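Participant: Got a structure here, written out as structure tokens. Questions coming.
Nothing in this text is a laboratory measurement; each read-out follows from the coordinates by a stated rule. Note that this is a predicted model, so its numbers are computed, not measured. Every residue, glycine as well, gets a Cβ built from its backbone with ideal geometry; the counts of neighbours run over all protein chains shown.
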Amino acid sequence: MQLVLTEDQALLQRTALDFVTGTPAIARLRKLRDHRDERGYALDRYAKMAELGWTAIPFSEADGGLGAGFAELVLVTEAMGRGLAPEPLIPSIVLAGRAIALGGSAAHKASWLAPAIAGDKVLALAYARRDSRFDLTRAPVRAARDGDRFRLTGQATQVWGGHLADAYVVAARTAGDDGDRDGVTLFVVPAATPGVTSQRQHRVDSLNVAQLTFDSAALGEADVLGDVDHGHALLARVVDEATVALTGEMLGGMLEAFERTVAYLRERRQFGVPIGSFQALKHRAARLFMELELARSAVMAAARALDGGRGAIDGAQPDAAQLVSLAKARASDAYVLIANEAIQLHGGIGMTDEHDIGFFLKRARASELTFGDAAYHRDRFAALEGY
Amino acid sequence: MTDAERFRADLVELLERELPARLGGLPPPTADYWGGRNPELPHPLSRRYCEAMAERGLTAPTWPTEYGGGGLGKQEAKILLEELRRLQLPPPLVGFGLSMIGPTLLQFGTEAQRREHLPKITRGEIRWAQGYSEPNAGSDLASVQASARFAGDDLILNGQKVWTSYGDKADWMFGIFRTDAGGKKQEGITFLLLDMAQPGVEVRPIKLISGASPFCETFFSDARAHAKDVIAGVGQGWTVAKALLGHERNMIGDLFGAGARTRRAGGNALAELARAYLGVKDGRIADPVLRDRVAQLAMDERCFALTMQRSADSVKAGHKPGPESSIFKIGGTELNQRRQELMVALRGPQALGWEGEGFDERELAQTRDWLRSRGNTIEGGTSEVQLNIIAKHVLGLPD
């Protein structure tokens, strides 16, 4: 594993950063929030991302992708995190898209994956209910056999990118109970399926999330992703992949919040001097810098661990899961710390809604509580290491 | 066969066959040999191993051959390290001559100074000590007061140095002395070398809270140094001293970084310790709070090691060392402190033994290691000074 960017990766990083910072990014998110925009992101921006090839990164050439990996994808999500870009790249491409790429039939791929890569359709993954916390065995939906069909009933919450999405990958309990890995089945559910309704939920970070209600929605065998009762491994796999993509976004967010804060320390004057000349504040800034550098190493390592050998994205290295947990725990602690400190170091202005820095605090907290917080991932790391 | 392959083959021949046959064996990897006029021998063959390697310039592989070095490129030096590691051999020689004053002389010394001092370092003949800190010049190093006054071709030295690592075992000292008390305090400092075997130099060991230490106090009463041993000119000592501190911090970072790598290779020793002292329940460390701390530290150490790797990979790829390298001294030493504290917590009351009955050897060593580790964030530049450096030089915050 080489923890250094190749020339191609450095170029991708620059392109992505230029694209995101080319528009007043936070102002855009603020406007979407203040207008209570139903979609919460911009379809035309998302189409541009697809044009740039970002939606094709983690797929094989056979599936219409670029055959690249997570080492590349985290550079894109890092840039998105810099601008808190709300476009649903992670839910549509990594969560649902990768699930279909890894477990879907040719028909699934033709109907959903190809248009998702093209940016024409948006997909989402429904895997949690209100009391799931971070437990992937607590499926939001029950699926009962009804002749040669399944009837899905239940409610999924905070489905990322879920409102106005075109189709969902849904985790449903077909056998057993909470806590059992067996008995979870993944379905591909078109949004227009009778009995499926979506309601936009409004979350602290203004991201598009939806509550999906399934009222005896009928699905067939052909809508099953992979094998009946054996969807958990695939679900866990794409959640790990999305976790790494998210840590890239978190890295971008903490970097931006940090740089804005350091700039403020340089320009804000009190007692006749820049407040950045006070040692109490210098030391806090230096500590945050250390956290940032450590987080970057963890994110790069986790992405490369998922990629395994170059181009072989299905051959992750043996301790990839540990590195995923390492990256998420690190990124969670660091982003929340940096965002909290960013507010404190901005002083009163940092508490106002008018100032942009508060958006980073909100996103930090939401990211921390997505796919497992630091405590969850330390527990998982310890278990994986055998203690 | 490429040049690198031929170099490796010759090295293997030397280390695996020729030297063991000639010397009747080689020292184990833990036997650090510091050399000097009256060298301590961690292993009976340490000195002969050092001398045999020095004949080929392999004690200072990347130094120029005219000063006793090996004249090797980076790739060959890396091969040497790899082969030593593979054959479980120690470096032939360690010490502040190789790690600190040698690189400084290569950067600032005159041709005569290099020819005089470097070969004696590479052959392990002279062991060096560092004379920097004083009772009133710790973090504020530029406040040194120990004085040097010219008397013909000599300088007369008076005053005191403190925290002289292995001062009682060293032959020569490099240090900073005040040659001019007027003007800005960074000016008027001179970097010079002196022979410690003279009546005007007295060395006393310092006992630390851990019960022992490598540190000494050094007193100068009309001691003498030669004008030809002034480095980079009178009054230019601050520039030299700062450059040398860079070499020192790299060494400390490498030390703890290497520790992190070895720990990784050797499995999680902390988890083993936790199992032994706390028990196991359902396959997990029985105490959930301490289990969480074990995991947190293991993850933080891994993350630190990855950052060291990232820095090294970046340099290998031809980039300049990135800003991440500024965190190694503070990050590595704080991790070691946390590790020591956690080991005390895991052993519980058994970590409290000082000596004698009721505690096993490792428990007793643990107590001392924990106490010693408190110094890690003070020696070699306190954490607070490191934070100042990051704030100023990396973040560009104003004075």
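Participant: Among B:Pro321, B:Val385, B:Leu11, pick out the residue whose Cα is farthest towards the positive end of the charge dipole of chain B, where Lys and Arg carry +1 and Asp and Glu carry -1 on C-beta, about the Cα centre.
Facilitator: It is B:Pro321.
Participant: Spin-label point model (7 Å from Cα, Cβ direction): what's the A:Ala280 to A:Glu51 distance in nm?
Facilitator: For the pair A:Ala280/A:Glu51, the computed spacing is 5.1 nm.
Participant: While we're looking at this one, here's another question. Suppose we flag trypsin sites (Lys or Arg not before Pro) only when DSSP calls them loop and at most 10 other Cβ atoms lie within 10 Å. Which is the longest uninterrupted stretch of chain B?
Facilitator: Values: sites that count: B:Lys184, B:Lys207.
The reported range is B:208-399.
Participant: Please say if the range A:125-225 is rounded, prolate or oblate, where rounded means a/c under 1.5 for a ≥ b ≥ c the square roots of the C-alpha gyration tensor eigenvalues, and otherwise the choice is prolate for a/b larger than b/c and oblate otherwise? Don't jump to the answer; show the numbers that get you there.
Facilitator: Working: a/c = 2.19, a/b = 1.28, b/c = 1.70.
In terms of gyration-tensor shape, oblate.
Participant: Taking loop as defined by DSSP and a crowding limit of 16 other beta carbons within 10 Å, which GluC sites (Glu not before Pro) in the range A:1-74 fit? The partial results should precede the final answer.
Facilitator: Details: sites: A:Glu7, A:Glu38, A:Glu51, A:Glu61, A:Glu72; in loops: A:Glu38.
Those that pass, being in a loop and sparsely packed, are A:Glu38.
Participant: Is the shape of the range B:128-235 rounded, prolate or oblate, going by the alpha carbon gyration tensor and its root eigenvalues a ≥ b ≥ c, with a/c under 1.5 for rounded and a/b larger than b/c for prolate?
Facilitator: Details: a/c = 2.18, a/b = 1.38, b/c = 1.58.
Taking the square roots of the gyration eigenvalues as a ≥ b ≥ c, the range B:128-235 is oblate.
Participant: Then there's this: Which of B:Thr367, B:Thr59, A:Thr261 has the fewest other C-beta atoms within 10 Å, and how do the rest follow up to the most?
Facilitator: Values: B:Thr367 21, B:Thr59 29, A:Thr261 26.
Result, fewest neighbours first: B:Thr367, A:Thr261, B:Thr59.
Participant: Now for a different question. Along the charge dipole of the range B:267-394, pointing to its positive end and built from +1/-1 on Cβ of Lys, Arg, Asp and Glu, which listed residue (B:Leu270, B:Trp370, B:Gln309) has its Cα farthest out?
Facilitator: B:Gln309
Participant: Under the rule a/c < 1.5 gives rounded, and otherwise a/b versus b/c splits prolate from oblate, where does the protein assembly as shown land using the Cα gyration tensor? Provide the component values of the computation, followed by the final result.
Facilitator: Working: a/c = 2.29, a/b = 1.93, b/c = 1.19.
Prolate, since a/c reaches 1.5 and a/b exceeds b/c.
Participant: Long-range amide H contacts for B:Gln236: which residues qualify at under 5 Å (H placed 1.01 Å from N, peptide plane, sequence gap of 5 or more or a different chain)?
Facilitator: B:Phe191
Participant: I would also like to ask the following. Suppose every Lys and Arg Cβ carries +1 and every Asp and Glu Cβ carries -1, with no other charges. What dipole size does the range B:3-122 come out with about its Cα centre, to the nearest 20 debye? Walk me through the numbers before you get to the answer.
Facilitator: On the way: 15 positive and 16 negative charges, 42 e Å.
Charge dipole of the range B:3-122: 200 debye, to the nearest 20.
Participant: Here's a follow-up. Quickly work out the A:Gln201-to-A:Ala62 label distance, labels modelled 7 Å from Cα along the C-beta direction, and quote it in nm with one decimal.
Facilitator: About 3.7 nm separates the two model spin labels.
Participant: Let me ask something additional. In debye, nearest 20: dipole of the range A:232-384 around its Cα centre with unit charges on the Cβ of K, R (+) and D, E (-)?
Facilitator: On the way: 18 positive and 19 negative charges, 86 e Å.
Dipole magnitude for the range A:232-384 comes out near 420 debye.
Participant: Between A:Asp177 and B:Ala312, with labels modelled 7 Å along Cα→Cβ, what's the label distance in nm to one decimal, could you check?
Facilitator: With each label placed 7 Å out from Cα toward Cβ, I get 5.2 nm.
Participant: On to the next question. For the range A:1-100, run through the trypsin sites (Lys or Arg not before Pro) and keep only the ones in DSSP coil with at most 13 other Cβ atoms within 10 Å of their Cβ. All intermediate terms of the calculation are to be shown ahead of the outcome.
Facilitator: Details: sites: A:Arg14, A:Arg28, A:Arg30, A:Lys31, A:Arg33, A:Arg36, A:Arg39, A:Arg45, A:Lys48, A:Arg82, A:Arg98; in loops: A:Arg36, A:Arg39.
Within the range A:1-100, the qualifying trypsin sites (Lys or Arg not before Pro) (loop, at most 13 other Cβ atoms within 10 Å) are A:Arg36.
Participant: Positive end of the dipole of the range B:1-99, charges at C-beta (+1 Lys, Arg; -1 Asp, Glu), about the Cα centre: which of B:Pro91, B:Asn38, B:Leu26 has its Cα farthest in that direction?
Facilitator: Result: B:Asn38, furthest along the dipole toward the positive end.
Participant: So how far, in whole Å, is the C-alpha centre of the range B:335-399 from the one of the range B:276-306?
Facilitator: Centre-to-centre distance over Cα atoms comes out at 19 Å.
Participant: What size of dipole, in debye to the nearest 20, comes out for the range B:128-235 about its Cα centre when the only charges are +1 on Lys and Arg C-beta atoms and -1 on Asp and Glu C-beta atoms?
Facilitator: On the way: 10 positive and 13 negative charges, 44 e Å.
Dipole about the Cα centre, nearest 20: 220 debye.
Participant: When the chain is fully extended, how far beyond the present Cα-Cα distance does A:Thr6 get from A:Ala107, taking 0.36 nm per residue of separation? Mind showing how you got there, number by number?
Facilitator: Values: separation 101, 0.36 × 101 = 36.36 nm, distance 3.60 nm.
Taking 0.36 nm per residue and subtracting the Cα distance, the gain is 32.8 nm.
Participant: Could you please state, rounded to a whole Å, how far the C-alpha centre of the range A:334-352 is from the C-alpha centre of the range B:65-85?
Facilitator: About 49 Å separates the Cα centre of the range A:334-352 from the one of the range B:65-85.
Participant: Please state the Cα pair-distance histogram of the range B:3-122 with 5 angstrom bins from zero: what percent is in each bin?
Facilitator: Going from the shortest bin to the longest, the percentages are 2, 11, 21, 24, 20, 13, 7, 2, 0.
Participant: Okay, next question. How high is the relative contact order of chain B, given as a whole-number percent (alpha carbon pairs under 8 Å, six or more residues apart)? Walk me through the intermediate numbers first.
Facilitator: Numbers: 634 pairs, mean separation 42.5, N = 399.
Reported as a whole number, the value is 11 percent.
Participant: For the range B:326-362, which chymotrypsin sites (Phe, Trp or Tyr not before Pro) are in a loop by DSSP, counting at most 16 other Cβ atoms within 10 Å?
Facilitator: Values: sites: B:Phe328, B:Trp354, B:Phe359; in loops: B:Trp354, B:Phe359.
Qualifying residues, ordered by number: B:Trp354.
Participant: Given the C-alpha centroids of the range A:166-228 and the range A:35-95, what is the distance between them in whole angstrom?
Facilitator: Each part reduced to its Cα centre gives a spacing of 22 Å.
Participant: Another question, then. Report the net charge of residues surrounding B:Ile126, where surrounding means a beta-carbon distance below 15 angstrom and charges are Lys +1, Arg +1, Asp -1, Glu -1. Display every interim value, and only then the final one.
Facilitator: Numbers: positive: B:Arg37, B:Arg47, B:Arg114, B:Arg115, B:Lys120, B:Arg123, B:Arg127, B:Lys169; negative: B:Glu40, B:Glu51, B:Glu116, B:Glu125, B:Asp171, B:Asp195, B:Asp229.
Result for the neighbourhood of B:Ile126: +1.
Participant: While we're here: What relative contact order, as a whole-number percentage, does the range A:125-225 give when Cα pairs under 8 Å and 6 or more residues apart are counted?
Facilitator: On the way: 259 pairs, mean separation 31.8, N = 101.
Relative contact order here is 31 percent.
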